[in-house]
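Heads up: the structure comes next, in structure tokens.
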Amino acid sequence: DVEVHNGFTRADDHRYKWERGEGAPVLTFEMPANRTSPGRRTRAAAPDGSGYTFADPGPWAIVPVPSLYTRWVWAGGGTVSLDKHVGVDGEGITGGDIAYLGAYESANRTVAGQTLTLVVPDAASMHDSPETVLSSLAFAAERFDVGGRDDEVVAIAAPTGTVDWDVGGVQYGAADFWVRDTSPVASPDNIWLHEYVHTRQTFRGHTTIRTEWLSEATAEYYAALLTLQHGDIDYDAFRSHLSVGNDRPYADAVL
């Protein structure tokens, strides 16, 4: 719902036109924060898909940054440039694609040309220390040599006390993701690394319906492999985790 459009005129229900003039034009709108549509699913997902992928329970919120499409129709000479910046008005932080709103603490690690930022909300109760999570992510950033590296990666520990999350984690946009605060690092189902691997999947174009399995399969495999290589699990745990591929419905899949 658009509330204010100073300096803009409505072109249709979904488009606004900037009227060139003096001053700073403002366009203000509201969007629902709670979303239940499934994101990238993991084995930790709610079986009925009834939980949230983004939520605003009140004291804090984890929400997607709205995507705005801009098109220039320029009658004059030369070119028009556009600088985009995403920020949080008040307490919070964003990597540009997911925003956390509320009180938090953060820790950073720079490795392999990436700055890894772990956001820990005040409401979160971490299973592992921030240093342990960052150590796992840093190892993956350095060891995993597939796909491009974004300059910055923002990982948010999603509080689980008051929100029924639909999935164990969601990677959204280029390099932002959240993971349940109760998710352990020392597990073959290392969701921290699963979502990190998603940030490195720079496929050309989009996967088709016949190859969309590749996105989740590679994230699942490399998350377990990197956790093994980091020494957080043993080989038997790694092998047992991958062996679920022998069970239905996975065993019936034809790749």
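The values are calculated or read from the model by the stated rules, or taken from the named source; none is laboratory data. Being a predicted model, the structure only gives us computed values, none of them experimental. For neighbour counting, all protein chains shown are included, and Cβ atoms are generated from backbone atoms with ideal geometry for every residue, glycine included. Calculation scope for accessible area: heavy atoms of the full protein, side chains included, ligands and nucleic acids excluded. Shrake-Rupley method; radii C 1.70, N 1.55, O 1.52, S 1.80 Å.
Put one equal scatterer on each alpha carbon of segment 101-149, apply the Debye formula with no solvent term, and list log10 I(q)/I(0) at q = 0.12, 0.14, 0.22 1/Å to two decimals.
-0.30, -0.39, -0.80
Sticking with the crude label model, points 7 Å out along Cα→Cβ, report the distance from Asn246 to Asn6 in nm, one decimal please.
My value for the distance between the label points is 6.8 nm.
Evaluate the distance, in nm, between pseudo-label points positioned 7 Å from the Cα of Ala112 and of Glu216 along their respective Cα→Cβ axes.
Each label point is offset 7 Å from its Cα along the Cβ direction, giving 2.4 nm.
Find, among the chymotrypsin sites (Phe, Trp or Tyr not before Pro) in segment 57-112, those assigned to loop by DSSP (not H, G, I, E, B) with at most 11 other beta-carbon atoms within 10 angstrom.
Tyr69, Trp72, Trp74
Using the C-alpha atoms of segment 157-212, what convex hull volume per residue, in cubic angstrom, is computed?
103 Å³
Most mobile of Gly168, Gly21, Gly147 per a Gaussian network model of the chain (Cα springs, under 10 Å)?
Looking only at Gly168, Gly21, Gly147, the largest GNM fluctuation is found for Gly21.
Quote the FRET efficiency, to the nearest 0.05, computed for Asp151 versus Arg71 with a Förster distance R0 of 25 Å and r equal to the Cβ-Cβ distance.
Efficiency, from the Cβ-Cβ distance: 0.40.
Quick check on the chain: what are the equivalent-ellipsoid semi-axes from the Cα gyration tensor, as sqrt(5λ), descending, whole Å?
Ellipsoid semi-axes (Å, largest first): 36, 21, 19.
Per residue and in cubic angstrom, what volume does the convex hull of the Cα atoms of segment 125-255 have?
Cα convex hull per residue, to the nearest whole number: 126 Å³.
Taking the solvent-accessible surface of protein heavy atoms with a 1.4 Å probe, what is the per residue accessible area of segment 114-255 in Å²?
48 Å²
As a test, work out the antiparallel percent of DSSP beta bridges whose residues both lie in the chain, rounded to the nearest 5.
In the chain, DSSP labels about 70 percent of beta bridges as antiparallel.
Could you tell me what fraction of 2.2 N^0.38 Å the Cα radius of gyration of segment 64-129 comes to, as a two-decimal ratio?
Computed over Cα atoms of segment 64-129, the ratio equals 1.63.
Per-residue ellipticity at 222 nm for the chain, helices alone: DSSP H runs ≥ 4 residues times -39500 (n - 2.57), over residue total, nearest 500 deg cm²/dmol?
Value at 222 nm, helices only, nearest 500: -6000 deg cm²/dmol.
Where the accessible area of segment 58-188 is counted over protein heavy atoms with a 1.4 Å probe, how much of it, in %, is carbon and sulfur?
Of all accessible area on segment 58-188, carbon and sulfur atoms account for 47 percent.
Could you give the length gained on full extension between Asp89 and Phe29, defined as 0.36 nm per residue of separation minus the Cα-Cα distance, in nm?
20.2 nm
By how many nm would the segment from Asp13 to Ala103 lengthen if fully extended, with 0.36 nm per residue of separation less the alpha-carbon distance?
28.8 nm
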